[in-house]
Structure formats: structure tokens, C-alpha cells
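Participant: I have a structure here, written as C-alpha cells, and I will follow up with some questions on it.
Computed from the coordinates by the stated procedures, all read-outs in this text should not be read as laboratory data. Source: prediction; values computed, not measured. Every residue, glycine as well, gets a Cβ built from its backbone with ideal geometry; the counts of neighbours run over all protein chains shown.
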There are 2 protein chains.
Amino acid sequence: MKIFNSPQVLQQELLEAKKCGKRIGFVPTMGYLHAGHLSLMRIAKDKTDILVASIFVNPMQFGPSEDLESYPRDFKSDEVLCEKEGVDYIFYPNNDDMYPSGYSTYVDELVLSKVLCGAKRPGHFRGVVTVVTKLFNIVLPDVAVFGQKDAQQVRIIQQLVRDLNFPVEVVIGPIVREADGLAMSSRNSHLTKEDRNKALVIYQSLLLAKLLIEDGRDVSSVKSAILEKLGYVTGLSVDYVEIRNYDTLEEAESFESVILIAVAVKVGKVRLIDNIIVWN
Amino acid sequence: MKIFNSPQVLQQELLEAKKCGKRIGFVPTMGYLHAGHLSLMRIAKDKTDILVASIFVNPMQFGPSEDLESYPRDFKSDEVLCEKEGVDYIFYPNNDDMYPSGYSTYVDELVLSKVLCGAKRPGHFRGVVTVVTKLFNIVLPDVAVFGQKDAQQVRIIQQLVRDLNFPVEVVIGPIVREADGLAMSSRNSHLTKEDRNKALVIYQSLLLAKLLIEDGRDVSSVKSAILEKLGYVTGLSVDYVEIRNYDTLEEAESFESVILIAVAVKVGKVRLIDNIIVWN
């Protein structure tokens, strides 16, 4: 396993590998790796010859009042985990490698990124699609694997790839959960024991939604039921509960197409998201 | 020579070629090819194994009141000229191939594109960098050649490549001029005989500027001299005369760095641009 800080040096190495017909798999991360990330690495490794993981807490996707500074980091542990998963190259740039002085180019998705987390975090998805564009150009992946945990992000990256014609297959890895159902997230490490317990209601409310849909309830009553269940827990504030068409991210009027049910809540100071996709 | 309309089919073909180690040269154009374009093709051909030219009048880079509809087109002639220059693949998409229904992703350069033509043509360079990003991803060039005629465009594309980490070498081809000095442009075909004659003053004013710089004049007196010379010709309206640092596109205060002297004028209904770069 090799570790690269320089975009240019890694890109040269990977250009050479591609000339020899090697297929490149890529898992972009912000580090502080957990079982969710590792599951994505396994998916990428199965499909390709060379596995690249990036570890970069991208400042462009954090708002001024967000948790950039406190975002958890542990490169030594990440390195050990990557080695175990058979990662060939870790890309671990610093901010100046990615955004040198005079940087002035941005990529924007203007429809899907305006709702859900995009409405709450202006500029967030601009940061995401800009850094993913850069990472794709540096790593030149044949296959890139993203976690369904960030469902809107995945949908926007599918759009980025389609609209800008990246020669990249985007694969979505399922959400990996703790034994008690909490979706794995680097941010979980910031939860107090008590808040971690409260956070369990998030997935429970999504499971309830699934049952109610199977029971034939309509969109507004399912949404109310989720909000009600979340409302029982004190110290938890709802950012949004949304039931949307997965393809357009427009509000769903029925459960007839593929539906994304997405929840964002704050538990203490920690913002957590979770979702289920319902195929009908 | 093969002609492709489909981005996906061309991209597949070029991905295969790259796997065999072939180097790809690329000249993006809006068609109605003239000796300027052909000179760029020769530069690209000398440096690579496969020569790709695109012919696409990109609607995204035209403003609502600009000349998209009347922009000159002649694919049959372009095809003959490409064949003569040894082009291997022509990429000739239609608007729906490039911007399918639901298209929503844009690339923007936010500093260099705000001045000169960018100030006069809002949205123009967003269209340029977006389409060039798409073309780079479809054609996957090792070398892309752009004409110095569009000096600001070249500078912005250099920035795009640097900022977004495209593995592409950008080469600048010198301006090709008619025998009487008029810079070659597809739009020249719209000039009446009389207006074509008036347009000669553009390059003459740039040559005068060069003489005055050699003579030690300062920036403001050189600029005044250009404006004065252009002002002698009736029926010609100046859009801008600018003396800028080539790297930053900021207004130059002296002639000590690399300087771009750029002129945009309207002759009749036709907007023409020209420039010289002064190396000191």
C-alpha cells in the first residue's frame, strides 16, 4: 500500500496503470473509517484491479457554522484499516494540494442539490461535486463506490457523472448499521452515551414508515407517523423528514415509483442523517 | 475518418484506444473551419497518435440576444477539411446528445471569467468551461489545442485544467491571419466587403500598440492610442480595449510582466475580437 499526498504524482501513477489496461476502483471518504466505508472498499475491490481510497475532509463542503474543525480524524487507524481491506493507494492530500492559491473553479448541480440537505446546507453540494470532479480526474476510476447513507449525495453524483460524461460507473453500497440499527457514521463518535441511545429512534421511525406503507397508508400519514415517533424523544430536533421520488427528489404524492424516505435530525450538537429507499 | 454523434460511443472507442497506450490529440471547434482551426489540428497531430476534432455550436455559451442561430455552419466543408488534415474522429453531436432532458450540472470559473468578454457576455464562459469539461471527459485527450485568438478563453481553460486536475496538456496555437492581417474567424464570413475593410484597423491598432511599447510609452497612453486609431473608422464601435496581466487578467500598470492587449469591436452586426501577447 502506498500513500500519496500529491494529486499530480498519484495521477501519473494511475495513468500508467490504465495504459496497461488495469481497472481502477475508488472509494472517496473523509476518513475516520468505519464498517460502512470498509464495505464500500470490498465492493470496489471485487470489480477492479487497483483499489484507491481517498481520505480528505473537504473544507469546501462545510458551511461557516458547521463542524469542519471538530470533524473526527484518525489517519493512523484509517491506514491500518485500508491495509487490511487491500487498498493499493491511499490519496491523502492537504487543503493546499487540493485548493492551491488562486483556486477559482466550481462545479454546481442546480436542481437536485436545492432540496433536503441542500436546502439546509447551502454550498454543501457545490463542495461535494467540485471535490468529486477533482478526485475523479486525479484517480481516473472505472468504478466509484458511494454509500447509500448519503442518498442525496449519491443521486447528485449520478447526475454529475451523467451530465459531465465522466467515464465512471457509480455503484451504491447499502447502509451498514450497528447491531441496534443506528446507521454507521463517523459523526456517531461525537454522541454521548445518552444521545446515542436517543438516536436509535431514527431508524426505528424509518422501519415504522416501511410497515405503514405495506399497510397501504398514504404519503402524508406516513410522514406524520415518522414525525410523531421522532417527537417522543426529548433533546432530539428534527431538521427534516422527507418522502421524495428518488429519481427527481421531488416530493412524492404516492408510493408508486422508487421512493426515498430521508430523515435528518440533531441529537445534542450532532447532525445525523438516515434513509430508506422503497421500491414498489 | 469516422464521424460520431454519440458521446457514449465515441468515449468507448477512445477508452479502448487509450488502453492500448495511444495518445489522443483534441481540437474542439464550433465548425465552419478555417486555416486557424487547421493550424491547431496540425499541432495536435504532431504530438499524438489519434486526432479528434469536435464540431459543436454550443448553445450554452451564447446569450439570448447573441448570434447562436446565425452562427455560420457548413458540415460538408468541415468534413472535407478534417479529412485533409488527417483527423481520425470527428465528434459532431446534436444539442440533445450534449444536454439531454433534465440536464442540471454546470462548471464555473469565478475570477478570470468576470472581465473582458465575460463582463460583456454574462454566462458565456460558464457555457465554455462546462462544454469543455464534457468534451474532455468524452474525448479523454492527452493534448488539447486552443487558439490564442480567444486569449481569455485559453487562460480560463488553463485554469479549469489546473483547478479540476484534468490530465490534459493545454497547448496554445498562434493566431492565424489573412494576408492583410485580419485574424481568421468563422464570423468574418458575415462581414460585408466594406466592413471587412474597416475591420483591418483592429490588427493595425494592435501593431501600433506594439511599436509604442517598444518606444517606452506607458499603459494609459498605449490604450489611448489604440482607442484613437479605432475611433477614426466610422461604423465601428468599440466593445473594449484592455491591457491586462496575462496570468491574472487584472489591469496592467506597466509592461513588466506578460501582457495581453485585447480588443473587441462591433463592425456592422459582427462582433470581432483580436489580441496580442507582449512578452517583456
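Participant: So what is the calculated 222 nm ellipticity per residue for chain B, using -39500 (n - 2.57) for each DSSP H run with n of 4 or more, over all residues, to the nearest 500 deg cm²/dmol?
Facilitator: Helix contribution divided over all residues of chain B: -11500 deg cm²/dmol.
Participant: I'd like the distance separating the alpha-carbon centroids of region A:211-240 and region B:53-109, in whole Å.
Facilitator: 50 Å
Participant: Counting DSSP beta bridges with both partners in chain B, what percentage is antiparallel, nearest 5? Don't skip to the end; give the middle numbers.
Facilitator: Numbers: 20 of 39 bridges.
Among the beta bridges of chain B, antiparallel pairing accounts for roughly 50 percent.
Participant: Axis carrying B onto A: which residue of B has the nearest Cβ, and how far, whole Å?
Facilitator: Per the B/A rotation axis, the closest residue of B reads B:VAL107, 3.
Participant: Please determine, in degrees from 0 to 90 and to the nearest 10, the orientation of helix A:219-231 with respect to the longest principal axis defined by the Cα atoms of chain A, where the helix direction is its Cα long axis.
Facilitator: Compared with the principal axis, the helix lies near 90 degrees.
Participant: Quick one: Debye curve from the alpha-carbon atoms of the protein assembly as shown only, equal weights, vacuum; give me log10 I(q)/I(0) at q = 0.10 Å⁻¹ to two decimals.
Facilitator: One equal scatterer on each Cα of the protein assembly as shown leads to -0.90.
Participant: Now for a separate question. Cross-link candidates for B:LYS2: which aspartates and glutamates have Cα within less than 12 Å, leaving aside residues fewer than 8 places away along the same chain?
Facilitator: B:LYS2 reaches B:GLU13, B:GLU79, B:GLU83, B:ASP88.
Participant: Using Stokes-Einstein with the Kirkwood hydrodynamic radius over Cα pairs, what translational diffusion coefficient do you get for region A:186-278 at 25 °C and a viscosity of 0.890 mPa s, in µm²/s rounded to a whole number?
Facilitator: It comes out at roughly 182 µm²/s.
Participant: Counting pairs on different chains as well as pairs 8 or more places apart, how many Lys pairs in region A:186-278 have Cα atoms under 23 Å apart?
Facilitator: 14
Participant: Taking the 0 to 90 degree range and rounding to the nearest ten, how far is the long axis of helix A:124-139 tilted relative to the main principal axis of chain A, both from C-alpha atoms?
Facilitator: 30 degrees
Participant: Additional query: Over all distinct alpha-carbon pairs, what is the Kirkwood Rh of region A:193-237 in angstrom?
Facilitator: 10.9 Å
Participant: What angle do you read, to the nearest 10 degrees and between 0 and 90, between the alpha-carbon axis of helix B:35-47 and the longest principal axis of chain B?
Facilitator: 50 degrees
Participant: 7 Å along Cα→Cβ for the label point: how many nanometres lie between A:THR234 and each equivalent label in the other copies, listed shortest first?
Facilitator: 8.8
Participant: Longest exposed-loop-site-free stretch of chain B, with chymotrypsin sites (Phe, Trp or Tyr not before Pro), DSSP loop and at most 11 other Cβ within 10 Å?
Facilitator: Result for the longest clean stretch: B:1-231.
Participant: Restricting things to alpha carbons, find the Rg to Rh ratio for region A:16-75 using the Kirkwood radius for Rh.
Facilitator: When Rh is taken as the Kirkwood radius, the ratio is 1.10.
Participant: Right, here's the next one. Along the Cα→Cβ direction, 7 angstrom out, place labels at B:ALA119 and A:LYS193. What is the inter-label distance in nm?
Facilitator: Result for the modelled spin labels: 6.5 nm.
Participant: If you take the C-alpha gyration tensor of region B:115-233, multiply each eigenvalue by 5 and take the square root, what semi-axes do you get, largest first, in whole Å? Walk me through the numbers on the way to the answer.
Facilitator: Details: eigenvalues 195, 66, 41 Å².
Here the semi-axes work out to 31, 18, 14 Å.
Participant: Which of B:LEU68, A:LEU51 comes first, and how do the rest follow, when ranked by fewest Cβ neighbours within 10 Å?
Facilitator: Lowest to highest Cβ neighbour count: B:LEU68, A:LEU51.
Participant: First check a/c for region A:1-48, with a ≥ b ≥ c the square roots of the eigenvalues of its C-alpha gyration tensor; if it is under 1.5, answer rounded, and if not, answer prolate when a/b is larger than b/c or oblate otherwise. Could the numbers behind the result be given before it?
Facilitator: Values: a/c = 3.29, a/b = 1.40, b/c = 2.35.
Because a/c hits 1.5 or more and a/b fails to exceed b/c, region A:1-48 counts as oblate.
Participant: Moving on to the next point. Over the Cα atoms of region A:81-180, what Rg and Dmax result, in angstrom?
Facilitator: Calculated on Cα positions, Rg and Dmax stand at 14.9, 47 Å.
Participant: A further question on this structure: Could you please rank B:VAL222, B:VAL176, placing first whichever residue has the fewest other Cβ atoms within 10 Å of its Cβ?
Facilitator: Lowest count first: B:VAL176, B:VAL222.
Participant: Over all alpha-carbon pairs in region B:138-198, figure out the percentage whose distance exceeds 17 Å.
Facilitator: Counting pairs separated by more than 17 Å, the tail of P(r) holds 52 percent.
Participant: At each listed q (0.15, 0.18 Å⁻¹), what is the log10 of I(q)/I(0) that the Debye formula gives for region B:102-159 modelled as equal alpha-carbon point scatterers?
Facilitator: With no solvent term, the Cα-only Debye profile gives -0.45, -0.63.
Participant: Binning at 10 angstrom from zero up to the longest distance, how are the C-alpha pair distances of region A:1-148 distributed in percent?
Facilitator: Reading the bins upward from 0: 11, 40, 37, 12, 0.
Participant: For chain B, report the % of Cα-Cα distances exceeding 29 Å.
Facilitator: Distances greater than 29 Å cover 34 percent of the Cα pairs.
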